[in-house]
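Reviewing the structure listed below.
The values are calculated or read from the model by the stated rules, or taken from the named source; none is laboratory data. Predicted, not measured: the structure shown is a model, and the values here were computed from it. Methodologically, a virtual Cβ is constructed for each residue, glycine included, from the backbone with ideal geometry; neighbour enumeration extends over all protein chains shown.
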Amino acid sequence: MEPTETIKEAAIREFNEETGLRLIDPVLRAVTTMVIVDKDHQLMNEWMMFTFKASQFSGTMFTKSPEGKLVWQERHAHEQLPMAEGDHLLFRHALSSDDILYGTFYYTEDYQLVNYRLDSKSTDGKVETE
């Protein structure tokens, strides 16, 4: 985030910088903490991630992005794409619920999911864990 930016402004700016597209009215869908632990489960790193969903955008998508190759995907293609296991859960939630998901994901240093906790209205306030 840049100084004085809200998380929504940061999401719009970052998406635009990486894709050339400007999101219109993105909606917060998840607030999660990512925790990296070593083999003894000692904290190595930690950060927060804010997941937004948008149905509209303006602009033209870059033909080349500093983040890699940009490709439009079918709605549920994320299930087959390589990504951190917790990201699949975030996609599933963002694409199927209007609730905000709160959670924490615990990963090893090589990004293997060790454990997670999730809480949203769709879980009736119960914390889903692995």
*Can you find a residue in the range 18-25 that is surrounded by 11 or more Cβ atoms within 10 Å (Cβ to Cβ), touching a strand residue (DSSP E or B) at 6+ places or on another chain (Cβ under 7 Å) and part of a helix (DSSP H, G or I)?*
yes
Given the conditions (1) in contact with an Asp or Glu (Cβ under 8 Å, 6 or more places away or on another chain); (2) part of a strand (DSSP E or B); (3) free of Cβ contacts under 8 Å to residues at least 24 places away in the same chain, every one holds for residue 47 apart from (1)
Considering the range 59-76, residues that are surrounded by 10 or more Cβ atoms within 10 Å (Cβ to Cβ) and not in a loop (DSSP other than H, G, I, E, B), and then whichever is modelled with the lowest pLDDT, we arrive at 65
Of (1) in contact (Cβ under 8 Å) with a residue 60 or more places away in the chain; (2) of a type in the set (Lys, Arg); (3) in contact with a helix residue (DSSP H, G or I) (Cβ under 8 Å, 6 or more places away or on another chain); (4) loosely packed, with under 11 Cβ neighbours inside 10 Å, residue 39 fails just (3)
query: Would you call residue 52 closer than 25 Å to residue 101 by Cα, in contact with a Pro (Cβ under 7 Å, 6 or more places away or on another chain) and not in a helix (DSSP H, G or I)?
result: yes
Scanning the range 80-90 residue by residue, those part of a helix (DSSP H, G or I) and surrounded by 11 or more Cβ atoms within 10 Å (Cβ to Cβ) turn out to be 85, 86, 87, 88, 89, 90
